Amino acid sequence: MNDLAIRIEHVSKQYRLGAIGGGTLKGDIQSFIARRRGEEDPNSKIGSDSAYHKNEKFLALDDVSFDVKKGEIVGIIGHNGAGKSTLLKLLSRVTAPTSGRIGINGRIASMLEVGTGFHPELTGRENVYMNGAILGMTKAEISAKFDEIVKFAEMEKFIDTPVKRYSSGMYVKLAFAVAAHLDSEIMVMDEVLAVGDMKFQDKCLGKMSDVSNQEGRTVLYVSHNMSTIKRLCNRCIVLDRGKVVFDGDVNDAVNIYLQNGKVEKKTFYSFENTEHKDYYLRQIKMLSNEVLNTKDCVFKIGEKIKCKLKCHSDCEESGVRLRVEIINKSDVVTGILFSDVLPTFSKNETLDVNFEIDTSQFMNGNYHAQFVLFKINNYGITETIDFIKGAMAFDIFSPTNEDNMEWFPQYGGASRLKDLSVTGINKYENR
């Protein structure tokens, strides 16, 4: 294994759904008594009877095997639930495999989520030294790299501030700088760069390329941004439902990923059985979306796309807005639209939000959209209420030959389109 950085042999990771307690002794006792009496668990999640199956076994990874050579930059892609983060946690020794063997040749610096490995009560300076010590470096070795780390992270003014006061972007800047500059042979990155600003993301991608090409370090990079995968990686692994379905050329891997995640064009989308992330607030839930003015979801440039989004609120909520993110066929967000603040939602209320999307700024192509309900809290921070990934799909074309141009993904990016036009709100009786 002298020329290998990582060897993974027939690795599986199995979880038992619902096996972990509710988080408090009181809650666990209440759940235990309810089960003994044959009553409903008072601490179960809403909809748990149909959406969650307690004690059911779930294979997050299923017989995964591959090798990574020293100095390779390997992308790992796959849709939500494919097993990407589980794999990186196994490599970082956050958890152990159920079966199989993992061989690692060198020290690993991991960024699995914002603030990984940071102690919130310690300052940025203290966390740099603590992370270096975890990697086995001496204080003198860390001090030699310290100024370079701080300069790269652009944190000169805040390095002696407790990191609990950092924004998510500041966390990422310092965490990446530590991982990139301290002496680790393997870097493991899981999507966290998406939190940083575009300038810093570009800086990080350049640094990851440098540490591989110039320093011979190995990089494993997970991302849903196919442009960065194509730019950075020289090999790509596609995971689907815990299995490796492809391992090889980056362009071929991206094409497989995009085909697997293609959103079907139709005029009605039900979200009631859609999987949702636990960290979304979800006091308001998006139930369905209907595209009203089409039979085939094909629109001419300049034509309006008229939609009816059905929502249900579990409580009174004000200040809510809708964000629609337009995504091209290469899975790159090419435009973002916002609604004005929606009317106040009442408790146990179901309503339709009718809105229009102006396509006059679109290029020819195939698109899909994801919907986000959000609000800005008192601290100016965006809070996601509900999120739907495959909310709709549609095609845009030009009726004239001279305008028949397509927006190629290598030139793609995010742009602010005309804001959503909410044309009506239909409320239903409380129930």
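Among the residues of the range 335-351, the one identified as among the acidic types (Asp, Glu) and crowded, with 18+ Cβ neighbours inside 10 Å is Glu349.
Residues that are buried (at least 18 other Cβ atoms within 10 Å of the Cβ) and modelled with pLDDT of 90 or more within the range 254-269 comprise just one, Tyr269. Just one of the numbered conditions (1) surrounded by fewer than 15 Cβ atoms within 10 Å (Cβ to Cβ); (2) within 12 Å of Leu182 (Cβ to Cβ) is not true of Thr161; which one? Here Thr161 clears every test but (2). Kindly evaluate Phe362 against the criterion of being assigned by TED's automatic domain parsing to the domain that holds Leu420 and more than 25 Å from Met226 (Cα to Cα). No, not satisfied.
Each residue in the range 356-398 was checked for being touching a residue at least 60 places away in the same chain (Cβ under 8 Å), within 19 Å of Asn289 (Cα to Cα) and either within 26 Å of the chain's Cα centre (by Cα) or outside any strand (DSSP E or B) (or both), and 17 of them qualify.
Looking only at the range 129-184, count every residue that is of a type in the set (S, T, N, Q), farther than 18 Å from Val219 by Cβ and in a helix (DSSP H, G or I) and tell me the total. Let's see the steps before the verdict.
Narrowing the range 129-184 to residues of a type in the set (S, T, N, Q): 131, 138, 143, 161, 167-168, 184.
Adding the requirement that they be farther than 18 Å from Val219 by Cβ leaves 138, 143, 161, 167-168.
Subsequent filtering for residues that are in a helix (DSSP H, G or I) retains 143, 168.
Here the count works out to 2.
The residues of the range 228-250 that are part of a loop (DSSP other than H, G, I, E, B) and either polar (S, T, N, Q) or touching a residue at least 24 places away in the same chain (Cβ under 8 Å) (or both), listed by number, are Cys233, Asn234, Arg241, Gly242.
Here is a yes/no grid of residues against (1) in a strand (DSSP E or B); (2) at pLDDT 70 or above; (3) of a type in the set (D, E, K, R); (4) surrounded by 12 or more Cβ atoms within 10 Å (Cβ to Cβ):
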| site | (1), (2), (3), (4) |
| --- | --- |
| Asn2 | no, yes, no, no |
| Ile6 | yes, yes, no, yes |
| Lys13 | yes, yes, yes, yes |
| Gly23 | no, no, no, no |
| Asn43 | no, no, no, yes |
| Ile46 | no, no, no, no |
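Out of all the residues in the range 133-156, is one or more at pLDDT below 90, out of contact with any helix residue (DSSP H, G or I) (no Cβ under 9 Å at 6 or more places or on another chain) and of a type outside the set (A, V, I, L, M)? Looking through the range 133-156, at least one residue is at pLDDT below 90, out of contact with any helix residue (DSSP H, G or I) (no Cβ under 9 Å at 6 or more places or on another chain) and of a type outside the set (A, V, I, L, M). Within the range 147-183, the set of residues being over 23 Å from Gln201 (Cβ atoms) and in contact with a Lys or Arg (Cβ under 8 Å, 6 or more places away or on another chain) comprises Asp160, Asp183.
For the range 215-227, a residue qualifies if it is crowded, with 23+ Cβ neighbours inside 10 Å, more than 14 Å from the chain's Cα centre (by Cα) and not in a strand (DSSP E or B), and exactly one does: Arg217.
Residues in the range 102-142 that are more than 16 Å from Leu174 (Cβ to Cβ) and touching a Ser or Thr at 6+ places or on another chain (Cβ under 8 Å): Gly106, Arg107, Ile108.
The values are calculated or read from the model by the stated rules, or taken from the named source; none is laboratory data. All of these numbers come straight from a predicted model, not from anything done at the bench. Positions of Cβ are generated from backbone atoms using ideal geometry, with glycine treated the same way; all protein chains shown enter the neighbour counts.
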